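Just so it is clear, none of the values below were taken in a lab; they were calculated from the coordinates. Since we're looking at a predicted model, the values are computed, not measured. A quick note on method: Cβ atoms are made from the backbone with ideal geometry, for glycine too, and the neighbour counts reach across all protein chains shown.
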Amino acid sequence: MASMTNWTEEQLDAVTTRVEGLAPRLVALSHAISADPELAYAEHRAAARCADLLEEHAFVVERGAYGQPTAFAARLGGSGPHVVVCAEYDALPGVGHACGHNVIAASAVGAGLALAPFIERAGLRLTILGTPAEEVGGGKVDLLKAGAFEDVDAALMMHPTPFDDYAPKALAIEEWRVVYRGRASHASYAPELGINALDGVVQGYTALAMLRQHLRPLQQVHGVIVDGGAAANVVPERAEASYYLRAVDADDLADLRERARACLEGAATATGTTVEITPEGHVYEPIDAHPGLAAAFTAACAAIGRPYAPDPAGEPISGSTDFGNVSQLVPGLHADMAVDSWPAVNHQHEFAAACVSESGDRTMLDGAKALALTALAVAEDPALLSR
Ligand SMILES: [Zn+2]
Ligand SMILES: [Zn+2]
């Protein structure tokens with residue numbers, strides 16, 4: 001236990017006292033973001049709220065960092081290992097902040113504020129990175145390509161979930177926009193002259209539903225129809241669906257891609273339509289959880305007295321994150337931290353409520369402390385990154 005404690009008692013006290021002292025500001029930040037949900041790549045007010053608070057506490061803030069209008073980079077510290085803490089703040093259509101990204105943003109800002117007074121003494125370069133568009137698109141992949149993770153020794157973040165898992169895996173994901181085209185006609189007067197694009201979408205959806213029974217474990221496909229035509233008496237000439245394809249690794253994703261494509265193209269053949277399949281955004285890779293960072297974070301949670309509450313059903317692999325791509329390139333920590341929501345889970349209205357409850361606020365503050373201590377552990381013992 002003592003051997004894993006890579007921070008001094010004084011630092012532990014300082015981090016704890018700072019976060020508790022700033023708790024009203026951090027809770028207010030978290031709740032303000034939750035109450036004002038903005039979708040991927042449009043998180044202007046959330047990014048500004050985070051940037052303002054960091055700037056107020058001595059961080060040098062670059063707004064619109066790396067060419068992304070809703071990204072920011074808040075930097076502090078001149079020497080030592082470079083640790084990035086990611087702040088997500090995008091919401092979901094229809095269910096708002098039901099993934100609890102308000103908790104992620106406030107905990108990342110809180111970690112920065114906790115470390116600010118003694119960062120030079122600790123020998124740490126810290127960047128709180130505002131990372132747009134996790135739910136769709138893949139803002140972190142844009143940031144990676146623009147160089148935001150070059151010269152970075154470790155990347156850290158937390159994510160609220162129903163159960164604790166400090167080293168979760170995640171599935172690779174690819175998003176498809178699928179457009180069927182046919183020919184409009186009067187649905188009663190001349191249906192024989194029409195080609196029904198909605199039939200193409202429905203046939204494809206049904207074929208995928210049948211494929212599901214025969215997929216490999218953890219290959220997943222799910223979709224919605226986003227355009228099914230305009231009027232019942234006009235044969236739809238255009239219809240559109242959106243699908244997510246997920247798998248444990250690149251091989252399984254390639255296999256799923258081929259089989260899903262056959263379903264959708266077969267549906268076009270069957271209905272006389274044409275289909276156009278367009279990958280959207282970036283492919284998300286699985287998380288490569290760094291064992292040294294996970295151990296440091298686990299020790300940090302123990303040090304602040306946070307109980308560990310894993311999923312009693314085991315550690316299922318599900319969901320996807322653009323942090324996966326980051327973790328494939330630099331040592332990464334994506335700590336899933338429990339809020340008291342069960343049986344509600346991420347992307348349900350009840351989970352959004354849990355992420356502004358007393359339990360959600362506690363998890364946010366615990367996350368701030370544990371992320372700060374993990375950054376200090378890296379500064380104290382950079383060798384933990386090679387373990
Ligand atoms: Zn989500
Ligand atoms: Zn999320």
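Structural remarks
- Separation of the stretch 176-214 and the stretch 23-87, taken as the distance between their Cα centroids, equals 44 angstrom.
- Here the stretch 94-149 has an Rg and Dmax of 14.1, 46 Å, counting Cα atoms alone.
- Loop-exposed chymotrypsin sites (Phe, Trp or Tyr not before Pro) per DSSP, neighbour cap 16 Cβ within 10 angstrom, longest uninterrupted part of the chain: 1-188
- Label-to-label distance, nm, for residues given as L39 and D249 (7 Å Cα→Cβ offset): 3.6 nm
- Under Karplus coefficients 6.51, -1.76 and 1.60, residue-wise ³J(HN,Hα) of the stretch 144-150 in Hz, glycine/proline x: 4, 5, 8, x, 5, 10, 6
- Note, ³J(HN,Hα) from phi for the stretch 366-381, Karplus 6.51, -1.76, 1.60, rounded to Hz, x at Gly and Pro: 4, x, 4, 5, 5, 5, 4, 5, 5, 4, 5, 4, 5, 5, 6, 9
- The Rg/Rh ratio of the chain, with Rg taken over Cα atoms and Rh as the Kirkwood radius over Cα pairs, comes to 1.05.
- 0 to 90° range, to nearest 10: angle between helix 9-21 axis and the chain longest Cα axis: 60 degrees
- Alpha-carbon centroid distance for the pair the stretch 118-173 / the stretch 225-247, whole angstrom: 35 Å
- Shown for E88, E135: other C-beta atoms within 10 Å of each C-beta, ranked fewest to most, produce the order E135, E88.
- Likely footprinting exposure, M364, M337, M210, fewest C-beta neighbours within 10 Å first: M210, M337, M364
- Listed by Cβ neighbour count within 10 Å, with the fewest neighbours leading, C301, C50 appear as C301, C50.
- Length-normalised contact order for the stretch 172-283 - Cα pairs under 8 Å, 6+ apart - percent: 43 percent
- Relative contact order (%) - the chain, alpha-carbon pairs under 8 angstrom, separation at least six: 25 percent
- Normalised radius of gyration (Cα atoms, divided by 2.2 N^0.38 Å) for the stretch 172-283: 1.13.
- The long axis of helix 101-115 is offset from the longest Cα principal axis of the chain by roughly 20 degrees.
- In nm, spacing of pseudo-spin labels at E120 and E55 (7 Å Cα→C-beta vector): 2.3 nm
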